[in-house]
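Have a look at the structure below, then the notes.
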Amino acid sequence: MKAPHVPDTATIPDSHVDLLTRPICGVLTTIGPDGWPQSSMVWIDWDGECARVNTTLERQKGGNLLANPRVSLLVVDPDDTTRYVQVRGDAELLYARAEEHLDALTRTYTRHPCYYGHVYPDAQRERETRVICRVHARRVTLDAIHV
């Protein structure tokens, strides 16, 4: 059986972009060094082109992303759990403005003004290398009901 053609990039339909712009937690899945998937709950935002999450290189998903950029991001609408978007693609890691991005996510998802010193101990800031993970969509799967 011939594998289906996978486009270089895929588009998130306007009908589901709100799942990436509303404060809804998603599940980011990376591939570990043993080949097994590793999934984490993540805060998400959308830059108009890519879904973005924030992590550290010291965490398992950060190390996984350095070794293998292939990811899956699943976001389910909490108001209608039959509605979802799954984005499979390649992660691009950006160092610039990563802490600013994290603070913006913190303000969106919590009542706190910034991450370090409010959500997580301030002393941890010096022990972590923050990155923005932009997910370049290669495949997008939507629920069948709302397409």
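Among the candidates ARG130, ARG134, ARG138, ARG111, the residue that is at pLDDT 95 or above, of a type in the set (D, E, K, R) and within 12 Å of the chain's Cα centre (by Cα) is uniquely ARG134. Being out of contact with any Gly (no Cβ under 8 Å at 6 or more places or on another chain), part of a strand (DSSP E or B) and open to solvent by less than 20 Å² (accessible area, probe 1.4 Å), is that true of even one residue in segment 6-25? Within segment 6-25, none of the residues are out of contact with any Gly (no Cβ under 8 Å at 6 or more places or on another chain), part of a strand (DSSP E or B) and open to solvent by less than 20 Å² (accessible area, probe 1.4 Å).
Taking the criterion of being touching a residue at least 40 places away in the same chain (Cβ under 8 Å) and either touching a Lys or Arg at 6+ places or on another chain (Cβ under 6 Å) or open to solvent by less than 40 Å² (accessible area, probe 1.4 Å) (or both), the residues of segment 112-130 that qualify are GLU128, ARG130. Mind listing whichever residues of segment 85-110 are surrounded by 19 or more Cβ atoms within 10 Å (Cβ to Cβ) and among the aromatic types (Phe, Trp, Tyr)? None - no residue of segment 85-110 is surrounded by 19 or more Cβ atoms within 10 Å (Cβ to Cβ) and among the aromatic types (Phe, Trp, Tyr), so the list stays empty. Please work out which residue is farthest from LEU19 (Cα to Cα), limiting yourself to segment 93-141 and to residues that are touching a helix residue (DSSP H, G or I) at 6+ places or on another chain (Cβ under 7 Å) and β-branched (Val, Ile, Thr). The extreme case among them is VAL119.
Is it fair to say THR29 is of a type in the set (Val, Ile, Thr) and open to solvent by less than 50 Å² (accessible area, probe 1.4 Å)?
So THR29 passes the test.
Scanning segment 97-147 for residues that are among the hydrophobic types (A, V, I, L, M, F, W, C) and touching a strand residue (DSSP E or B) at 6+ places or on another chain (Cβ under 8 Å) returns ALA98, LEU102, ALA104, LEU105, VAL131, ILE132, CYS133, VAL135, ALA137, VAL140, LEU142. Elements of the type strands (runs of 3 or more DSSP E) sitting completely within segment 29-109 and holding at least 3 residues that are closer than 17 Å to ILE12 by Cα and in contact (Cβ under 8 Å) with a residue 12 or more places away in the chain: these cover 51-56, 70-76, 84-94.
The values are calculated or read from the model by the stated rules, or taken from the named source; none is laboratory data. Everything numeric here is computed off the predicted structure, so don't read it as measured data. Every residue, glycine among them, receives a Cβ derived from its backbone with ideal geometry; neighbour counts consider all protein chains shown. What goes into the accessible areas is simple: the full protein's heavy atoms, side chains included, and nothing from ligands, DNA or RNA. Shrake-Rupley method; radii C 1.70, N 1.55, O 1.52, S 1.80 Å.
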